[in-house]
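Single-structure report; data block below.
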Amino acid sequence: MKVLGIDTATRATAVALLDSDRDAAVERRDDPPPGARPRHTTRLMALVVEVLQAADADWAGVDRIAVGVGPGTFTGLRIGIATAQALARARAIDLVGVSTLHSLARGARAAPAAPEDAVMAVIDARRGEVFAAGWAAQDVTRPGAVPVLGPRALAPDALAEAMGSDGRSWLAIGDGAVEFRAALEHVGARIPEPDSELNRVSAIEHCRLALGLRPGPPDGIQPEYLRLPDAEINLRTARQ
């Protein structure tokens, strides 16, 4: 099976094609430099074309599309999901929604020397908060696995408290884990170096999870925001 993976939940734009029969994958991504705005609108479809060309594939050979449903930025999720829905309808391809946090956590278990009991995926949600969810190490690669913590939007100190009281040893990954390293390391979590590949959402992991998930109608794929969009938060704050 060939699965096309798309994620726009974070500042990065990631696209991949996985050929499960040959266990071969190609990924292309756009990671804006610090301070730059995401380029989902301008880069997403260009990356899709690059991936198909690099894999020597065409639309007729794509069996499934996997799109990250977040949590993440409101605008980014809308762009990625709307694009995936349009491609699925136009090409009559099965569509699967994948948790961006689960995909991030799954990628960590492919890394060597990861002896922790559990993996916490942490995405910077801005406003001093993170999006986070954690899976037991033995379950994290299983599609549909139930997280042991989360998913939720919360302050880093609150996440650290939840991890510390859980009793497991944690590997915490993602840009949120890097940003709030001090709080999470205080409760014993191990966090990779900032430039580690473990901290990046990979569309290849979307594809791998999607192999074991049931596709549904394109309109049924909905974003997982976990909190109100920033614009609505600003409006409510102004009214108060």
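Checking the structure you have, find out if any residue of the range 146-161 is in contact with a Lys or Arg (Cβ under 7 Å, 6 or more places away or on another chain) and more than 16 Å from R109 (Cα to Cα). Checked the range 146-161: at least one residue is in contact with a Lys or Arg (Cβ under 7 Å, 6 or more places away or on another chain) and more than 16 Å from R109 (Cα to Cα).
Filter the range 1-11 down to residues that are in a loop (DSSP other than H, G, I, E, B) and under 10 Å from the mean Cα position of the chain (by Cα) and give me whichever is nearest to H40 (Cα to Cα). Taking the candidates together, the pick is T8. Here is the figure for the range 188-221: residues that are assigned to a strand (DSSP E or B) and surrounded by 13 or more Cβ atoms within 10 Å (Cβ to Cβ) total 1.
Within the range 20-61, the residues that satisfy the criterion of being in contact with a helix residue (DSSP H, G or I) (Cβ under 7 Å, 6 or more places away or on another chain), surrounded by 11 or more Cβ atoms within 10 Å (Cβ to Cβ) and under 21 Å from M1 (Cβ atoms) are A25, V26, E27, R28, W59. Among residues of the range 106-136 being out of contact with any helix residue (DSSP H, G or I) (no Cβ under 9 Å at 6 or more places or on another chain) and among the small types (G, A, S), the one that is farthest from M1 (Cα to Cα) is A113. Do we have any residue at all in the range 95-104 that's assigned to a loop (DSSP other than H, G, I, E, B), more than 25 Å from L198 (Cβ to Cβ), in contact (Cβ under 8 Å) with a residue 40 or more places away in the chain and not assigned by TED's automatic domain parsing to the domain that holds D124? No: the range 95-104 contains no residue that is assigned to a loop (DSSP other than H, G, I, E, B), more than 25 Å from L198 (Cβ to Cβ), in contact (Cβ under 8 Å) with a residue 40 or more places away in the chain and not assigned by TED's automatic domain parsing to the domain that holds D124.
For the range 187-229, the set of residues classified as in contact (Cβ under 8 Å) with a residue 40 or more places away in the chain and of a type in the set (S, T, Y) consists of S202, Y225, listed by residue number.
Looking across G107, G134, G80, one residue alone is part of a strand (DSSP E or B) and either modelled with pLDDT under 95 or crowded, with 24+ Cβ neighbours inside 10 Å (or both). It is G134.
The values are calculated or read from the model by the stated rules, or taken from the named source; none is laboratory data. Quantities reported herein were computed from a predicted structural model and do not represent experimental measurements. Because the Cβ atoms are built from the backbone with ideal geometry, glycine has one as well, and the counts that use them run over all protein chains shown.
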